[in-house]
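Trainee: Please see the structure below; I have some questions.
Bear in mind that the values in this text are calculations on the coordinates, not laboratory data. Quick caveat: nothing in here was measured; it's all calculated off a predicted structure. So basically every Cβ, Gly included, is an ideal-geometry build from the backbone, and we count neighbours across all protein chains shown.
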Amino acid sequence: MKILSRLIILCMLVLVLSYPAPAEIVDRIVAQVNDEIITLSDLDQSIQYMRANPQTRSQFQDNEATRRQMLDLLIDRKLAKEEANRLGITIPEHDLANALEQIKKRNNLPDDEALIQALAKQGMSLDQLRQQLTEQMQQERLIQYAVKGKVRISEDKIRQYYDQYYRQGGSQVHLKLIVLPYPPGATQAQKAETRALAEKILQECRQGASFENLARQYSKGPNPTQGGDLGYVDRADIDPNIYALIDRLRPGEYAPIEAPQGFQLFKLVDRRTGRSQSFEEARPEIENILMREEMAKKFSEWLKTLRAKAHIKIFY
């Protein structure tokens, strides 16, 4: 069982390439981190990513508490980037090229020109994408630097995790998905338009239309060119509220879900019980999962020490 769902990874890649560019707004500074600034548009764009992500949209609430949490995250990213630069952490060109190739592969873009065209629809340039990827990889290397040698995973923790998640083969469902997000700052009329489209698609599916073709035509979610196919997904990787609806379906049936930020339409293709794994088979993956979780905790603690030394002003 893969607890770190590949669905989440796919959704994040789709967000780079398929979500509409934000409308132009009057910008202002919401925070200063040493000599760097965070603008209102930076914050709004991060909120839009959360709102569009099919894995987070059902729990996402665009309120002041959420926006403040996101601002704190952006501050941490600024601090991490500054520290990475201070330590001379650089990303070799071949690593960046490999990351770009992975994005093209996962989004079925045959060449650089197709990638540039897809980015242009987002109001984003290739240089901007390269900068985002560089900062992301810098932070990954910074995490290694910050917590190197400080993380140990006990045998008892590995065994406990195996007993909880791996000993019995978990239930899996083969799903296909159509995602219809509301536009950023959607009016009631725009929401009604999206709802009407969702109802139209559902009706067409029930009348025998191809779900896959409709996904290619309308979906803003993962893998639209593959008909929204998510493959087999572990039950543990699906939001319990969503799974409760999927669990009622027979193969070939549909579950429409209205979330705070749009609509999702699931098609159940198949069910199966995942193969149980021996402890030795599962151990490397479990150790990696627990290591990453513990590293994230240690890195968060390390960031707090950077915050204590930094000059931070918040104007939000």
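Trainee: Let me make sure I get this right: for segment 242-306, a, b and c are the square roots of the gyration tensor eigenvalues over alpha carbons, sorted descending. Under 1.5 in a/c it's rounded, otherwise prolate if a/b > b/c, else oblate. Which is it?
Mentor: oblate
Trainee: Moving on to the next point. With a ≥ b ≥ c taken as the square roots of the eigenvalues of the C-alpha gyration tensor of segment 169-273, please select rounded if a/c is under 1.5 and otherwise prolate if a/b is larger than b/c or oblate if it is not?
Mentor: Verdict is prolate for segment 169-273.
Trainee: Compute, for segment 161-316, the length of the dipole vector about the Cα centre, with Cβ point charges of +1 (Lys, Arg) and -1 (Asp, Glu) only. Units Debye, rounded to 20.
Mentor: 500 debye
Trainee: Given the Cα atoms of segment 209-254, and with Rh set as the inverse mean 1/r over their pairs in the Kirkwood sense, what is Rg to Rh to two decimals?
Mentor: We get a ratio of 0.99 for segment 209-254.
Trainee: How many angstrom separate the Cα center of segment 226-253 from the Cα center of segment 63-94?
Mentor: Going from one Cα centre to the other spans 34 Å.
Trainee: Which whole-angstrom value gives the distance between the alpha carbon centres of segment 151-201 and segment 259-316?
Mentor: 13 Å
Trainee: Under the definition of Cα pairs under 8 Å and six or more residues apart, what whole-number percent is the relative contact order of segment 169-273?
Mentor: Relative contact order of segment 169-273: 45 percent.
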